[in-house]
1. Is it the case that the stretch 92-102 has a residue that's of a type in the set (D, E, K, R), at pLDDT 70 or above and within 30 Å of Ala29 (Cα to Cα)?
2. Out of curiosity, is Leu4 under 60 Å from the mean Cα position of the chain (by Cα) and at pLDDT 80 or above?
3. Go through (1) at pLDDT below 80; (2) outside the structural domain of Pro156 (by TED's automatic domain parsing) one by one and return the number of the condition Arg75 breaks.
Amino acid sequence: MKALLAILGVLVVLGVTYALAFFGVIPVARMAAHNAGAAKVFVALKLYHAPKSKAAMSNALAPLVPAPDPLAADRQALDAERIQLAQQKAALDKKAAGGDTTGGPVTTSSKMSAIYDTMKPAEIAGIFEKLPDDQVCDALIHMDEQKAGKVLVALPQNRAAKLTIMMNRATANGPQTGQQAPSSVATSVP
């Protein structure tokens, strides 16, 4: 029985000591800092946790800090390009609808046609001799029918025939200016 009382006394002393250490009355951290063996025992008894290094603590906090989005710059560039393309599309749609008031490049059908209307057919033919056929064809289609016929007469016959064929092909889907196709005038000119 004495042995049992001795064991019970030891357990009470250990339990009280454990409770005092657990609640911080006994300075376990200071004792563990001075004795590495005691630190291992305290860690095993879950009375002491070894302090983590700053690197380990920052690694533990890393998942809590949001990482910068590596695609954010690409998304911003694509958004800016999308806006720019939408603006260009809107401008082209407006221009196609005839509402171009932006002061952009003037087409043959507008300003050049007005310039050619002030010139004599022989002068226009002299200019057309130096221009590519597709530009001449476009200009003739947008010109007044009588003037276009006179310009074709002033051009060499082979070139006038070639341009007439091109104008027929260009106006096959319908006249572009709401007028009768100039090719009918060109073929009726002697």
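The values are calculated or read from the model by the stated rules, or taken from the named source; none is laboratory data. No experiment lies behind these values; they were computed from the predicted model shown.
1. No, the stretch 92-102 contains no residue that is of a type in the set (D, E, K, R), at pLDDT 70 or above and within 30 Å of Ala29 (Cα to Cα).
2. It is false that Leu4 is under 60 Å from the mean Cα position of the chain (by Cα) and at pLDDT 80 or above.
3. So Arg75 meets the others, but not (1).
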